[in-house]
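The values are calculated or read from the model by the stated rules, or taken from the named source; none is laboratory data. All of these numbers come straight from a predicted model, not from anything done at the bench. Ideal geometry is used to build each Cβ from the backbone, glycine not excepted, and the neighbour counts take in all protein chains shown. The area values use the complete protein model at the heavy-atom level, side chains included, leaving out ligands, DNA and RNA. Shrake-Rupley method; radii C 1.70, N 1.55, O 1.52, S 1.80 Å.
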Amino acid sequence: MGFFGRRPRPDPPHPRKEPRFDGPLTAEALAQVFTNCVDFNCRSILVGGNEAFRVQLLYLAGMVRMERVSDYVLRPLAQDKALAAMGEAVAWEQMRAGTLYSLTVQERTTLDEAVADLVEGNCLLIFPGKERALSFNVGTEEKRGIGEPENEVSVKGPKDSFVENLRTNTSLVRRHLRTADLRIEEQVVGRQSLTPVDLVWVEGIADPKTVDALRQRLEDIDIDALLATGNLEEYIVDRLDTAFPMVMYTERPDRFCYGLSEGRVGALLEGIPLGYLAPGVIGDFLRAPQDRSENWMVASALTVLRWLCLLGTLYLPAVYVAMVNFHHEMIPTRLALSIMAARRDVPFSALFETLLLLIAFEVLQEAGLRLPQSIGQTVSILGGLVVGSAAVEAKLISPAVLVVVAVAGIAGYTMPSQDLSAALRLWRFLLCLLAGAMGLFGVVTGTVLLMGHLAGLESFGAAYLTPFAANAGDQVEGHTVLRQPLPADKLRPAHLNPANRRKQK
């Protein structure tokens, strides 16, 4: 029995059967499939002007480039007198062999294949009385132009970024990584969206087990539509009971190619201007794309700064709450007197103040993201300056809490990965609650829970706490946080289990 004594309803059947369209491959059957579709077109063509020799041309307007259909298909069919004199059987073989001006031509024998080709942007030629068709690639290939990355600013690196067109993205990868060992394998995911997903790796470097694992997870995805990043991420990660990112993503082809050259396995999908890399460990999410373009000392200092900011954004509000509520002796005397004087007229506890400001900080951030860019900046300035100052003057919050939350929030913005920053914000709330209940003992308890959670995570066989954790008994060589000079960085990361670890002499 279900909730309130009701019987649980059985799961409804899947909305799509296999094969989806069953029947003969004819122009009439295709017209039935695309009933009430104004963009479906079927035209009868005289081959070579011969009234006795007609073929049916089918296409979806907007999905094909009309100039290509006219120049590469219609013109040869209408003007080739010799083709009309050959007869249907011979003409069919000549068209399939390349008589028409098309780079690719394929023979289709099932209705499912023909429907998929029309949706892809192909046109079909069907001979009367034959349950088969010739498919010609005449798609529009309309796409957004390649521009600079918006979220991963490139200072000293390339200025190109991924776009929504899959073939453009694979061409960008080919241009950056010109090895013949680059492998690109395609699968179609989504029963309704039919989204192409490309599995990308470098043969002889990537771990075959990781390639097989990602390939199998893509094959196991059985959903209606693969249209958003979450539709892919949540089906390929090892665990869903964590807020921490398990796979890396980037909009920069150079970073994507560097990950492939290290031994990672990538995934590109149609309609998403991002590339995914697996496995992903915590050390990867704290390295910015430009780190390898900076001097190794500068890059190492910035990486150390990010780790300190990680600790600050995670622990600063919780430690403040613990010290103000339970451990006054930890605060210097003059600072303690200043905090007490500022909080004298504040009616709320330190825990409530901190949680209130943290929630307000999240609300302002969400409002800035959802509104148009010009209005979003105005909301951030208005909320940060006017509302914050007014709240302090009205004695609703103390200045110390405002400073602590602001510093913790700014420290979180230094994370190169926004997914990691979001996970840290969630755990920041939990640590604050534990600190308000048990003081520093609560902070320690939360730290133990966090470390235990992270220690139990794996991404495609790699320990998530790499570079601080051992993988299969092998400790990571070299520096864990500091970046080595590039001439001294001779081996690929051990946790990736690459087929060839050495990358330079």
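Comparison of A85, A78, A91 shows that the only residue that is farther than 28 Å from Q187 by Cβ, open to solvent by less than 40 Å² (accessible area, probe 1.4 Å) and either in contact with a helix residue (DSSP H, G or I) (Cβ under 6 Å, 6 or more places away or on another chain) or outside any loop (DSSP other than H, G, I, E, B) (or both) is A91. Looking at this structure, is T242 open to solvent by 10 Å² or more (accessible area, probe 1.4 Å), among the β-branched types (V, I, T), over 12 Å from the mean Cα position of the chain (by Cα) and more than 27 Å from K156 (Cα to Cα)? So T242 passes the test. Of the residues making up region 56-64, not a single one is modelled with pLDDT under 80, more than 14 Å from I126 (Cα to Cα) and not basic (K, R).
Are any residues in region 257-271 within 20 Å of P158 (Cα to Cα) and in contact with a Phe, Trp or Tyr (Cβ under 8 Å, 6 or more places away or on another chain), and if so, which ones?
L260, G266, L268 - these are the residues of region 257-271 that are within 20 Å of P158 (Cα to Cα) and in contact with a Phe, Trp or Tyr (Cβ under 8 Å, 6 or more places away or on another chain).
Within region 50-62, residues that are within 19 Å of E28 (Cβ to Cβ) and open to solvent by 60 Å² or more (accessible area, probe 1.4 Å) reach partners that are assigned to a strand (DSSP E or B) and among the hydroxyl-bearing types (S, T, Y) with beta carbons closer than 6 Å, at six or more positions or on different chains, in the pairs R54/S44.
Close contacts from region 162-187, counting a first residue that is under 20 Å from G263 (Cβ atoms) and modelled with pLDDT of 90 or more and a second that is basic (K, R) and surrounded by fewer than 18 Cβ atoms within 10 Å (Cβ to Cβ), with Cβ to Cβ under 9 Å and a gap of 6+ residues or different chains, come to L182/R174; I184/R174; E185/R215. A Cβ distance below 6 Å, combined with a sequence gap of six or more or placement on separate chains, defines the contacts here; from region 267-289, residues that are open to solvent by less than 10 Å² (accessible area, probe 1.4 Å) reach residues that are of a type in the set (K, R) and modelled with pLDDT of 90 or more in the pairs L277/R264; L286/R306. Annotation: of all residues in region 185-226 being touching a helix residue (DSSP H, G or I) at 6+ places or on another chain (Cβ under 8 Å) and surrounded by fewer than 14 Cβ atoms within 10 Å (Cβ to Cβ), the one that is nearest to N500 (Cα to Cα) is E185.
Of all the listed residues (G461, G409, G478), the sole one being crowded, with 19+ Cβ neighbours inside 10 Å and either modelled with pLDDT under 90 or closer than 30 Å to M297 by Cα (or both) is G409.
Can you find, within region 173-183, the residue that is farthest from L274 (Cα to Cα) among those that are more than 17 Å from the chain's Cα centre (by Cα), of a type in the set (A, V, I, L, M) and surrounded by 14 or more Cβ atoms within 10 Å (Cβ to Cβ)? The selected residue is L182. Does region 109-122 contain at least one residue that is in contact with a Phe, Trp or Tyr (Cβ under 9 Å, 6 or more places away or on another chain) and open to solvent by 70 Å² or more (accessible area, probe 1.4 Å)? No, region 109-122 contains no residue that is in contact with a Phe, Trp or Tyr (Cβ under 9 Å, 6 or more places away or on another chain) and open to solvent by 70 Å² or more (accessible area, probe 1.4 Å).
Residue count for region 344-372, restricted to those that are open to solvent by less than 50 Å² (accessible area, probe 1.4 Å), part of a helix (DSSP H, G or I) and β-branched (V, I, T): 1.
Being at pLDDT 85 or above, loosely packed, with under 15 Cβ neighbours inside 10 Å and not in a helix (DSSP H, G or I) is the filter here; which residues of region 227-239 pass it?
Taking region 227-239 as the starting set, the residues that turn out to be at pLDDT 85 or above are 232-239.
Retained after the next criterion (residues that are loosely packed, with under 15 Cβ neighbours inside 10 Å): 234, 239.
Result: R239, single match.
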